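**Q** If you scroll down you'll find the structure; I have some questions about it.
The values are calculated or read from the model by the stated rules, or taken from the named source; none is laboratory data. As the structure is a computational prediction, the values presented were derived from the model and not from experiment. Every residue, glycine among them, receives a Cβ derived from its backbone with ideal geometry; neighbour counts consider all protein chains shown.
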Amino acid sequence: MSTWRRKGLELFYDIRHTFTGKDDTIYTLMVQLQSRVEHAHLKKDTDEQDKIYGYVEWCRPIFWAGAVAI
C-alpha cells in the first residue's frame, strides 16, 4: 500500500471509499480534501482544518507535491 494512502486511511477513514480503489491516486484524495477543508472553514472546525492541512504539509516534501497544488 502506498504511503500516502496508508496515512490518508489513518486520518480520513470515513471517506476511505473515495481513494482506496486500484485506480485512485493521491490526486483523488486531494480533490476530496479540498471540498472537505472548505466545509471545515464554513463550520469553523479547526480540528478538521488542522488534520487536513497537516496531511497536505506531510505530502508536500514528497515527490507527489504537485498533487498538493491542485
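**Q** Name every residue in segment 19-38 that is part of a helix (DSSP H, G or I), among the hydroxyl-bearing types (Ser, Thr, Tyr) and at pLDDT 90 or above, in order of residue number.
**A** 28, 35
**Q** Out of all the residues in segment 2-11, is one or more exposed (fewer than 11 other Cβ atoms within 10 Å of the Cβ) and polar (S, T, N, Q)?
**A** No - not one qualifying residue is present in segment 2-11.
**Q** Which ones in segment 12-33 are of a type outside the set (D, E, K, R), within 15 Å of residue 48 (Cα to Cα) and loosely packed, with under 15 Cβ neighbours inside 10 Å?
**A** Selection gives 13 alone.
**Q** Taking residue 41, is it modelled with pLDDT of 95 or more and exposed (fewer than 15 other Cβ atoms within 10 Å of the Cβ)?
**A** Yes.
**Q** With the condition kept exactly as written, say whether any residue in segment 3-25 is out of contact with any helix residue (DSSP H, G or I) (no Cβ under 8 Å at 6 or more places or on another chain) and polar (S, T, N, Q).
**A** Yes, there is a match, as at least one residue in segment 3-25 is out of contact with any helix residue (DSSP H, G or I) (no Cβ under 8 Å at 6 or more places or on another chain) and polar (S, T, N, Q).
**Q** Also, I was wondering about something else. Quick check on my filter: what residues within segment 13-42 are within 20 Å of residue 61 (Cα to Cα) and of a type outside the set (Ser, Thr, Tyr)?
**A** Within segment 13-42, 26, 29, 30, 31, 33, 34 meet the criteria.
**Q** Which of the residues spanning segment 39-63 are in a loop (DSSP other than H, G, I, E, B), among the charged types (D, E, K, R) and either under 15 Å from residue 7 (Cα atoms) or in contact (Cβ under 8 Å) with a residue 24 or more places away in the chain (or both)?
**A** 60
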